[in-house]
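The values are calculated or read from the model by the stated rules, or taken from the named source; none is laboratory data. Here the structure is a predicted model, which is why all the values come from computation and not from measurement. All Cβ positions, glycine included, derive from the backbone under ideal geometry; neighbour counts span all protein chains shown. What goes into the accessible areas is simple: the full protein's heavy atoms, side chains included, and nothing from ligands, DNA or RNA. Shrake-Rupley method; radii C 1.70, N 1.55, O 1.52, S 1.80 Å.
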Amino acid sequence: MTSNQPARRAACASCLRAQSACICTWVRPVALPANLLVLQHPLEVANAKNSARLLHLCVTRSRLAVGEAFDPDALVAMLHAEGRTPVLLYPETPGALVADTASLSPPGELLIVVLDATWRKSRKMLYLNPALQRLPRLALTDLPASGYRIRKAHAADQLSSMEAGAHALGQVMGDMAAVAPLFEAFDGFVQQQAAFVPPGVARTRQA
């Protein structure tokens, strides 16, 4: 008996994309004292323009977890893995604790938590995960214009998850040169994805 279902395209075991759209060629591994935990909303997983997995593949020892409402005990374990001090990469919000870069723990003790989601979905993730609400907020400063031309943004400094994560790492370490390979990887990724985007077509950029 034959099946009428279309055959699934072979996927890369590393980046999880179709082999014809594999992004592993852009991976630029960097070992940094500060580390990353990327919490990715399920709706972003299959988004071809999403840069979070490339960020995870580039930053050695980083972790990427997919979900919206995480198990509380599992989330706390991820936030404090290796005895690190977690800070949430998120704009300053009234009533929330703000992380002053000058008074942060040394980079080797820090875990930067990145929410990979649209702004609306990231707010819902915060609401559903009280442990995230309690984290100090790390806001980015002195940002250049984003190079994320494959997705539409409301402001020039609204960044992709990869750009935001790279800037956050450079900011807490006081060394943007150390994260230069991440921006090189991102530029290559954007060039590749731009080839698949019809002229004039873009989507709202994620946080």
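Data table
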quantity: Inter-label distance, nm, simple model (7 Å from Cα along the C-beta direction), ASN47/ALA194; calculated: 2.0
quantity: Amide H within-cut-off set for LEU138, under 5 Å, with H built and near neighbours excluded; calculated: LEU88, LEU89, TYR90, ALA99
quantity: Residue-level accessible surface for MET176, protein heavy atoms, 1.4 Å, Å²; calculated: 80
quantity: Listed residues ALA74, ALA31, ASN47: farthest to the positive end of the dipole of segment 23-106 (Cβ charges); calculated: ALA31
quantity: Segment 1-143 - charge dipole about Cα centre, Lys and Arg +1 at Cβ, Asp and Glu -1, debye rounded to 20; calculated: 580
quantity: Length added when fully stretched, THR141-ALA180, from 0.36 nm per residue minus Cα-Cα; calculated: 12.3 nm
quantity: Size of charge dipole - segment 44-88 - debye, nearest 20, with Cβ of Lys, Arg +1 and Asp, Glu -1, no other charges; calculated: 300
quantity: Rough spin-label spacing in nm, given labels placed 7 Å along Cα→Cβ, for CYS12 and ARG63; calculated: 2.5
